[in-house]
Amino acid sequence: MKIADAVAVVTGGASGLGEAAARRLLELGAVVVAFDLNDTRGAALKEELGERFHYEQVDVGDLTQVEAAVAAVEKAHGPIRVVVNSAAVARPAKLLSSRGPLPMDGFDLAVKVNLYGPIHVMRSVVPGLSTAEPNEDGERGVIINVASGAAYEGQIGQIGYSATKAALVGLTMPLFRELAQHGIRVMTVAPGAFDTPIYDQVTPALKQELADQSLFPRRMGAPAEFGLLIEEIVRNPMHNGRTIRLDAGMILRPS
Ligand SMILES: NC(=O)c1ccc[n+]([C@@H]2O[C@H](COP(=O)([O-])OP(=O)(O)OC[C@H]3O[C@@H](n4cnc5c(N)ncnc54)[C@H](O)[C@@H]3O)[C@@H](O)[C@H]2O)c1
């Protein structure tokens with residue numbers, strides 16, 4: 001799909017992989033609206049990236065907020081052709097720890113943001129997109145959900161995170177099959193370890209341990225490398241109905 005002038009919504013677009021996707025799409029001429037909760041980063045990016053970048057404070061776990069924000073984007077810019085659902089929270093917790101059984105508030109939040117979030121965005125965007133003008137290939141747009149290697153090889157303490165990411169992998173096929181009739185592609189990316197602010201809470205030693213587990217390149221991924229895959233998926237219509245693992249072959253050992 002042509003990226004220049006396309007309208008893209010990137011959730012979690014004020015940080016990390018979402019920000020990298022937003023930057024790449026902007027470089028290629030898209031209009032990008034980031035839905036995020038990080039107002040400080042949103043304002044800084046607006047200042048840096050200029051008039052084709054927009055930041056909206058939206059909690060993707062809140063359907064009313066998402067519906068209102070999507071309607072506002074459509075009114076201001078037209079149909080949303082590209083969606084990158086990157087917003088997520090980790091909330092690590094074990095089923096049984098020294099503090100007791102799994103705290104359900106963290107689990108609920110992971111489900112709300114990581115699973116309900118993408119659903120909220122997709123169910124709000126697809127009605128408008130399904131009636132938008134298609135290109136010569138019959139294509140109207142593309143939805144890219146961001147899962148994780150934890151959908152496959154979750155670590156101890158990643159119950160909620162892994163379950164929600166595996167759910168995104170699972171819904172890729174039924175959604176692709178359903179939305180094909182509208183010319184809307186559905187893809188999922190499952191990244192490995194990328195150096196983003198999501199790792200701000202962990203020690204440099206733990207980050208080094210992650211990098212040391214990679215065979216080649218012997219480092220964590222750079223967010224811009226995620227942006228390159230987003231570009232490839234949007235441009236190339238043969239990407240559909242699949243989950244792509246972007247991790248340099250790294251499979252983390254249990255910890
Ligand atoms: N960085 C990695 O190594 C890695 C690995 C696998 C998967 N992922 C996935 O990639 C995506 C991006 O992660 P990242 O590393 O860039 O993290 P990040 O923390 O840098 O960015 C996540 C963004 O989501 C936003 N966000 C959180 N809750 C929100 C909500 N309710 N509504 C709107 N925005 C919200 C945050 O404010 C933040 O800006 C996530 O889905 C994550 O699970 C990351």
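Tabulated values for the structure
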| item | result |
| --- | --- |
| Pairs with Cβ under 7 Å, 6+ apart, first in region 202-223 and assigned to a helix (DSSP H, G or I), second polar (S, T, N, Q) | P223/T196 |
| Residue ranges of helices (runs of 4 or more DSSP H) in region 61-131 with at least 1 members at negative phi, touching a His at 6+ places or on another chain (Cβ under 6 Å) and touching a residue at least 12 places away in the same chain (Cβ under 8 Å) | 63-77 |
| Residue list for region 198-213, filter: within 12 Å of the ligand (Cβ to nearest atom) and surrounded by 14 or more Cβ atoms within 10 Å (Cβ to Cβ) | I198, Y199, K207, L210, A211 |
| Region 152-167, residues that are touching a Leu at 6+ places or on another chain (Cβ under 7 Å) and not in a loop (DSSP other than H, G, I, E, B) | I159, T164, A167 |
| Residues satisfying the stated conditions in region 75-114, i.e. touching a Phe, Trp or Tyr at 6+ places or on another chain (Cβ under 9 Å) and either over 24 Å from L179 (Cα atoms) or of a type in the set (A, V, I, L, M, F, W, C) (or both) | A87, A88, V89, A90, R91, P92, A93, A110 |
| Enumeration of residues in region 95-122 that are within 16 Å of the ligand (Cβ to nearest atom) and among the charged types (D, E, K, R) | D105, D108, K112 |
| Hits in region 24-48 - residues which are in a helix (DSSP H, G or I), within 12 Å of the ligand (Cβ to nearest atom) and touching a residue at least 12 places away in the same chain (Cβ under 8 Å) | D39, R41, G42, L45 |
| Residues of region 53-73 satisfying the condition of being more than 14 Å from the ligand (Cβ to nearest atom) and surrounded by 19 or more Cβ atoms within 10 Å (Cβ to Cβ) | F53, H54, V73 |
| Residue match in region 87-94 (condition: crowded, with 24+ Cβ neighbours inside 10 Å and within 11 Å of the ligand (Cβ to nearest atom)) | yes |
| Region 1-23, residues that are more than 9 Å from the ligand (Cβ to nearest atom), among the aliphatic types (A, V, I, L, M) and not in a helix (DSSP H, G or I) | M1, I3, A4, A6, V7, A8, V9, V10 |
| Residue in region 133-149 that is surrounded by fewer than 24 Cβ atoms within 10 Å (Cβ to Cβ), on the phi < 0 side of the Ramachandran plot, assigned to a helix (DSSP H, G or I) and within 12 Å of the ligand (Cβ to nearest atom) present | yes |
| Selection status of A248, in a loop (DSSP other than H, G, I, E, B), surrounded by 16 or more Cβ atoms within 10 Å (Cβ to Cβ) and within 15 Å of the ligand (Cβ to nearest atom) | yes |
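Values quoted throughout were computed directly from the atomic coordinates according to the rules given, and no laboratory measurement underlies them. Quantities reported herein were computed from a predicted structural model and do not represent experimental measurements. Note that each Cβ is placed from the backbone with ideal geometry, even for glycine, and that neighbours are counted across all protein chains shown.
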